[in-house]
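These notes concern the structure reproduced below.
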Amino acid sequence: MTILNDYYRSLLHAPPDALKSLAEVLPDRLARAFDPARHGDLPAWEKLLAELPRPKAGEIRLNRPTIRIGQPEDCADRTRAELEATLRALHPWRKGPFDLFGIYLDTEWRSDFKWTRLIHEIQPLTDRLVLDVGAGNGYHCWRMRGAGAGRVIGIDPTLRYVFQFLAIKRLAGEFPVDLLPLALEALPPRLQAFDTVFSMGVLYHRRSPFDHLFALKDCLRRGGELVLETLVIEGEEGEVLVPAGRYAKMRNVWFIPTPPTMEGWLKRAGFGRIRCIDVSPTTFDEQRSTDWMRFESLPDFLDRNDPALTLEGYPAPRRALFLAEKP
């Protein structure tokens, strides 16, 4: 399949030593993920990617809140219009923002808010091998590279987001940043390869938070750092919200701990040097509908008479960031 050779060549044929076990299983798992029989939209997305205009970017900035690839003067108006039409065909865009040759992708999430909360607290990413679990379209992967990471691997099983990433990578050119259409469970066991592992906005979607924590730990080398972000509620150690049905209209929210409970879970999973570096309510500035994500968003998930509550009567979304180390 051309997409494997075009976008995953270096990972398949010249992987870092730490990722050789991943490279061995990758051809089969990528072929399975990109099987048209498994996803009806795949041929259309492959066509969009193949026909995506590719102007030469005079400037690439990965270390700013808005990731910038190219400037307006780098391409003709007609090319820019074709590029925008192709990008819009991959709607909805949830993580960002991006500025691509003067096209501003105002995504649902201002993902730069989250990055600002963590970047000065984590171990420096310079030259590190980094894994981003649940990477979406890869916004944070690009920010990790912009912060000096030597190589970044993102994983996300949602193919639409993977194609959004591949479109951006096609525009950016050769960078040691990849996004694989895989879930965490598809990685080889006991990989123990990464210097830093990010899991942001994933834990509460897992039926077993401890299985998730152990899998994250298996990906880290000894002394490596976990950066974990999750929904939390206010309260004491041992308290956990288990929604009876939906939470903020989401079906797959299973466990929302208090920050002290989350720290206890990390300790029980075998992590050390655990600390909570931030707790912030999610605001309408950070998550909202836009022209690039026209579905419902945070304002539609909260009680209109009391925005401190979700529609279901639970505490409104509040997110915490935790750092922990694998001993």
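Quick note: the coordinates plus some simple rules give every number you see, no bench work behind them. What you see is a predicted model; the values in this text were computed from it and never measured. Note: ideal-geometry Cβ built from the backbone for every residue, glycine included; neighbour counts use all protein chains shown.
What the table shows:
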read-out: Inter-label distance for Arg170 and Ala31, nm, one decimal - labels placed 7 Å from Cα along Cα-to-Cβ; value: 2.4 nm
read-out: Rounded, prolate or oblate (a/c below 1.5 giving rounded, otherwise prolate when a/b exceeds b/c) for the stretch 86-178 by Cα gyration tensor; value: prolate
read-out: Theoretical ellipticity at 222 nm over the chain - DSSP helices of four or more residues, -39500 (n - 2.57) apiece, nearest 500; value: -9000 deg cm²/dmol
read-out: The stretch 9-98: trypsin sites (Lys or Arg not before Pro) in DSSP loop, at most 13 other beta carbons within 10 Å; value: Lys56
read-out: Global form of the stretch 112-249, assessed from the alpha-carbon gyration tensor, a/c cut-off 1.5; value: prolate
read-out: Residue-by-residue Karplus 3J(HN,Hα) for the stretch 89-98, coefficients 6.51, -1.76, 1.60, Hz, glycine and proline x; value: 5, 9, 3, x, 9, 9, 10, x, x, 10
read-out: Approximate shape of the stretch 1-138 as ellipsoid semi-axes (Cα gyration tensor, √5λ), whole Å, largest first; value: 26, 24, 15
read-out: Total formal charge among the other residues, if their Cβ is under 9 angstrom from that of Cys141, Lys/Arg +1 and Asp/Glu -1; value: 0
read-out: Fully extended contour minus Cα-Cα distance, from Asp211 to Arg54, at 0.36 nm per residue; value: 52.3 nm
read-out: Distance in nm between pseudo-label sites at Arg273 and Tyr104 (7 Å out along the Cβ direction from Cα); value: 4.0 nm
read-out: Stokes-Einstein translational diffusion, the chain - Kirkwood Rh over all Cα pairs, 1.567 mPa s, 4 °C, in µm²/s; value: 63 µm²/s
read-out: Cα-projected label distance for His120 with Leu311, points at 7 Å along beta-carbon direction, nm; value: 3.8 nm
read-out: Cα gyration tensor, the stretch 1-81 - rounded (a/c under 1.5), prolate or oblate; value: oblate
read-out: R0 of 41 Å, Cβ-Cβ distance Asp17-Ala244: FRET efficiency to nearest 0.05; value: 0.30
read-out: Loop-resident sites, the stretch 243-273, for trypsin sites (Lys or Arg not before Pro), counting at most 11 other Cβ within 10 Å (DSSP); value: Arg251
read-out: Potential lengthening between Arg78 and Arg221 on full extension [0.36 nm per residue; Cα-Cα distance subtracted]; value: 46.6 nm
read-out: Extension gain, Gln192 back to Asn63 (0.36 nm per residue minus Cα-Cα distance, nm); value: 43.7 nm
read-out: Subset of Lys249/Lys326; Lys47/Lys95; Lys169/Lys326; Lys56/Lys249; Lys169/Lys267 violating a 30 Å alpha-carbon distance limit; value: Lys249/Lys326; Lys169/Lys326; Lys56/Lys249; Lys169/Lys267
read-out: Loop GluC sites (Glu not before Pro), the stretch 185-266 (other Cβ atoms within 10 Å of the site Cβ: 11 or fewer; DSSP); value: Glu234, Glu236
